[in-house]
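*Asks:* Here it is, the structure in full.
The values are calculated or read from the model by the stated rules, or taken from the named source; none is laboratory data. Note that the structure is predicted; figures quoted are calculated from it, not measured. In this analysis, Cβ positions are derived from the backbone assuming ideal geometry, glycine residues included, and neighbour counts consider all displayed protein chains. The accessibility values were calculated without ligands, DNA or RNA, using every heavy atom of the protein model including side chains. Shrake-Rupley method; radii C 1.70, N 1.55, O 1.52, S 1.80 Å.
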Amino acid sequence: MYFVKIRRKGLSVTHFRARPISSAVRALLAAVMTTAFCLALAVSTTATASASAADLFNSAQGRFAAGDTRGALADIGGAVAGDPGDTNALALQAIYADAAGDLITREAALARLGAADGGMRAGVDGMLNAIRIASFTPPNPLPAIQGPSTAIIVLGFGLLPDGTMRPELVNRLQAAMVQSWVSPMSPIIVTGGNPQNGVTEAAAMQGWLQAHGVPAQRIHPEHRAGSTVGNALNSVPLARSLGAGGAIIVTSANHIRRATVDFNVAGLPVVGAMSAVTSAGQLIAEFMPLTKDQQLGMYRDAIRVFGIPAGY
């Protein structure tokens, strides 16, 4: 750098001029900057890897639970990139992509999952198919005629603090009683824990059915379930122990689709689903196919029933 002093009409002005940088210096600076960039990139990559596939897996699960499907899909994509052999992450990538309507990502994830674990791929295919069918199947207020190899499974509903039943649960039991008349040889499972005043939902349902003429030997209570997921996971082995290879699910109209998915994913085919419907308006309100946003509860439940961990 050098200085030039210029005098103009009595004024003195100093200008700065930079000497041209030689090609050798420019090459040296470029080399230094490239090296620095590469080092920074390496550090960044290491930090992302240490943020680890597990961290991204956990973040994805949290985002999906909060309804951020796109964010969950982005995070699980990072988890898969960090650990390409993680079949749980690949399964979630396929499931989240299906929920987001990203068919390309879904099919790519399913292909990679199939190469790693064919059985798990088949399970995810079955899950997505169950959600698809349930989303387009309206509630049915009519009973189904079945034999002893099909269990009638009545899902519980929260009791009042004194242990008595709410009208919603009574509606379900009334539908179950009609179903029991049509399929008189089918065993009946009543499922629900959440005790109030020392009474579980299953115990309250069992007492109501017996009081309304259903033989005690037909009724098999499941007292532990605290959710629809628990209903499925706990009732399926009980149904199998009774010789049942399929189920008729009885629950409320606004609950039947999610319950049907849970039981199908748990491994007990749902051959009938009777909804407790209290009015034509309620049936019409539940008649339309579900949107992707409305299906999110089914996806979340199905993931839990399928056994993918909530976090690492």
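*Asks:* Do any residues in segment 82-100 that are among the aromatic types (Phe, Trp, Tyr) have Cβ atoms under 6 Å from those of residues that are surrounded by 20 or more Cβ atoms within 10 Å (Cβ to Cβ), where the two are at least six apart or on different chains, and which pairs are they?
*Replies:* Matching pairs, first to second residue: 96/72; 96/73; 96/76.
*Asks:* Could you give me the residue pairs with C-beta distances under 8 Å whose first residue belongs to segment 300-311 and is closer than 16 Å to residue 259 by Cα and touching a residue at least 12 places away in the same chain (Cβ under 8 Å), whose second residue is assigned to a loop (DSSP other than H, G, I, E, B) and open to solvent by less than 50 Å² (accessible area, probe 1.4 Å) wherever it lies, and which are 6+ apart or on separate chains?
*Replies:* 305/266
*Asks:* Select from segment 274-306 the residues that are more than 19 Å from residue 227 (Cα to Cα) and among the β-branched types (Val, Ile, Thr) and write down the one among them that is modelled with the highest pLDDT.
*Replies:* 291
*Asks:* Further question: Look at residue 271 and say whether it is open to solvent by 30 Å² or more (accessible area, probe 1.4 Å), closer than 17 Å to residue 183 by Cβ and at pLDDT below 95.
*Replies:* Yes.
Table: residues versus (1) over 30 Å from residue 178 (Cα atoms); (2) assigned by the TED database to the domain that holds residue 248; (3) in a helix (DSSP H, G or I).
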| residue | (1), (2), (3) |
| --- | --- |
| 85 | yes, no, no |
| 112 | yes, no, yes |
| 145 | no, no, no |
| 162 | no, yes, no |
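*Asks:* In this structure, is residue 172 part of a helix (DSSP H, G or I), open to solvent by 50 Å² or more (accessible area, probe 1.4 Å) and modelled with pLDDT of 95 or more? Step through it out loud before you land on a result.
*Replies:* Details: part of a helix (DSSP H, G or I): yes; open to solvent by 50 Å² or more (accessible area, probe 1.4 Å): no; modelled with pLDDT of 95 or more: yes.
Spelling it out, it is not the case that residue 172 is part of a helix (DSSP H, G or I), open to solvent by 50 Å² or more (accessible area, probe 1.4 Å) and modelled with pLDDT of 95 or more.
*Asks:* Considering (1) modelled with pLDDT under 95; (2) part of a strand (DSSP E or B); (3) closer than 18 Å to residue 192 by Cβ, say which one residue 254 fails and leave the rest.
*Replies:* Result: residue 254 fails condition (2) only.
*Asks:* Would you check if there is a residue in segment 193-216 being aromatic (Phe, Trp, Tyr), open to solvent by 50 Å² or more (accessible area, probe 1.4 Å) and outside any loop (DSSP other than H, G, I, E, B)? Spell out how you get there, then give the answer.
*Replies:* Initial filter on segment 193-216 (aromatic (Phe, Trp, Tyr)): 208.
Those still in the list that are open to solvent by 50 Å² or more (accessible area, probe 1.4 Å) too: none.
No, because not a single residue in segment 193-216 is aromatic (Phe, Trp, Tyr), open to solvent by 50 Å² or more (accessible area, probe 1.4 Å) and outside any loop (DSSP other than H, G, I, E, B).
*Asks:* Considering only residues of segment 286-312 that are closer than 13 Å to residue 95 by Cβ and of a type in the set (D, E, K, R), which is least open to solvent (accessible area, probe 1.4 Å)?
*Replies:* 301
*Asks:* Have a look at 180, 135 and point out the one that is of a type in the set (S, T, N, Q), open to solvent by less than 10 Å² (accessible area, probe 1.4 Å) and modelled with pLDDT under 95.
*Replies:* Numbers: 180 fails: modelled with pLDDT under 95.
The unique qualifying residue is 135.
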